[in-house]
Each structure stands twice: as structure tokens, then as C-alpha cells.
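Shown next, in C-alpha cells, is the structure this report addresses.
The values are calculated or read from the model by the stated rules, or taken from the named source; none is laboratory data. Predicted, not measured: the structure shown is a model, and the values here were computed from it. Note: ideal-geometry Cβ built from the backbone for every residue, glycine included; neighbour counts use all protein chains shown. The protein model used for the area step is the full one, side chains on, heavy atoms only, and it has no ligands, DNA or RNA in it. Shrake-Rupley method; radii C 1.70, N 1.55, O 1.52, S 1.80 Å.
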Amino acid sequence: MFAKKYLLFCLFPTLIFSLEKILSADFDGDRINDKVYLDSKIGAVVYQLSSQKFKKVSSDQFEDSGEIFFNKAKNGFRVSLNQMRASNAYQFRFEKETGKMRLIGMERYEFGPANNDGSGESSVNLLTNTYIGEWNYWDNHKTELIKIPTIKKKMVLPKAYFDNLGNAFSIYINKDTSYYLSEKKRLYKE
């Protein structure tokens, strides 16, 4: 068994890491542990709640193009997708009214190209509609990386749930990028 796992790990390291990563905690408030994991058979991230008799609820929105991590959050769980020079994270919380795990926040970071132009991080709290961005740009005249003052804006996105995220992340990244480019244009005169 160990030899097979070792061989698979050498060939597909992120698959094995994700396969064995299971987060177990009480997400629905009934004091019985629920779970979140990557189901390699269907190629999707899945959660199972005790209050729903551990019925599998899956999301095909999370690409296995890097490492997938699951973390317990204050009121739910986070799914983080880490790639070579970027990462995205989604936070979910159980919503009693719908009986679903609602998307309540997103984060991302990027290192940018070799000169780190466009590097930084941002987050949006979907309960308060608060966006915060901490970004940098490369100044060709000074030949240095310049930190943009913290960007704080209101960002309203439609409600989204684990099993139906729709284009929530695309909307977030498009608005995030436009905020960054607007600030860079304001600060950097070519």
C-alpha cells in the first residue's frame, strides 16, 4: 500500500495531498461533525452535513490546478486553491434559512511577473460588501516596486452558494482588477 501511494505521490503530488485532506468540524450547529473534502471519483470538492444525513453536496467550481486546502473558519470553512504564483480562497458559512453553505467571502493574492507588477492581495466580505485591496505596481521611471495605498470600496455581489457559485469569482476578480488599474493609472504617469 505504501509503495502504491508513494508512486502515485511522485506522479501526482497534488492529487494525493488533496485526496487525503478531509476537514471535519460542526458547520451546521448541531454539535455533530460534518466534513469537507475532495472527492477524486467525481473530481469535485464535497461537503456533507450531519443535519442532512451526510448527503453529498458538490461544487465543480474548484479546479484542481494546484493544491487544494480546507481550513476551519470562525463560522464555517474555507477552500483555498494555491497555484504557482497566485491563490484564491472562498469562505462558506451555513445558512439556516436555506439549509446551504453560503459564500460569505473571497480572497486572492498574486505575485505578478518577475518584477512583481500587479502583485498584492485583496478580499471581499460578502456580508458587509466590503472590499480591501493591497496592491503594488512597477514604476519603470524609478525602477522600483511601488505600494498603492490601501483600496477600500463597497463591492456588492449576488448571493452565491457552494453548489451554485455561478460567476461570483469572475465578477470579484474583474472589479478587483478595475480598482487596481484605476489606482495605478491615477498614481503612475507614463
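The table for this structure:
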{"quantity": "Residue match in the range 51-68 (condition: at negative phi, in contact with a helix residue (DSSP H, G or I) (Cβ under 8 Å, 6 or more places away or on another chain), open to solvent by 10 Å² or more (accessible area, probe 1.4 Å) and modelled with pLDDT of 90 or more)", "calculated": "no"}
{"quantity": "Which listed residue is under 16 Å from the mean Cα position of the chain (by Cα) and of a type outside the set (G, A, S), from Y161, Y188", "calculated": "Y161"}
{"quantity": "Meets criteria (in contact with a helix residue (DSSP H, G or I) (Cβ under 7 Å, 6 or more places away or on another chain) and either farther than 17 Å from A25 by Cβ or β-branched (V, I, T) (or both)) for L103", "calculated": "yes"}
{"quantity": "Qualifying residue in the range 87-101 (condition: within 19 Å of N174 (Cβ to Cβ), surrounded by 20 or more Cβ atoms within 10 Å (Cβ to Cβ) and either at pLDDT 90 or above or of a type in the set (F, W, Y) (or both))", "calculated": "yes"}
{"quantity": "Top-ranked residue of the range 69-82 - restricted to ones that are at pLDDT 90 or above and among the charged types (D, E, K, R), ranked as farthest from N125 (Cα to Cα)", "calculated": "K72"}
{"quantity": "Residue in the range 99-140 that is nearest to the chain's Cα centre (by Cα), counting only those that are of a type in the set (S, T, Y) and over 23 Å from K72 (Cα atoms)", "calculated": "S119"}
{"quantity": "Unique match (being β-branched (V, I, T) and in contact with a Ser or Thr (Cβ under 7 Å, 6 or more places away or on another chain)) among I171, I151, I132, I146", "calculated": "I132"}
{"quantity": "Verdict on K153 being over 15 Å from the mean Cα position of the chain (by Cα), at pLDDT 95 or above and more than 30 Å from E97 (Cβ to Cβ)", "calculated": "no"}
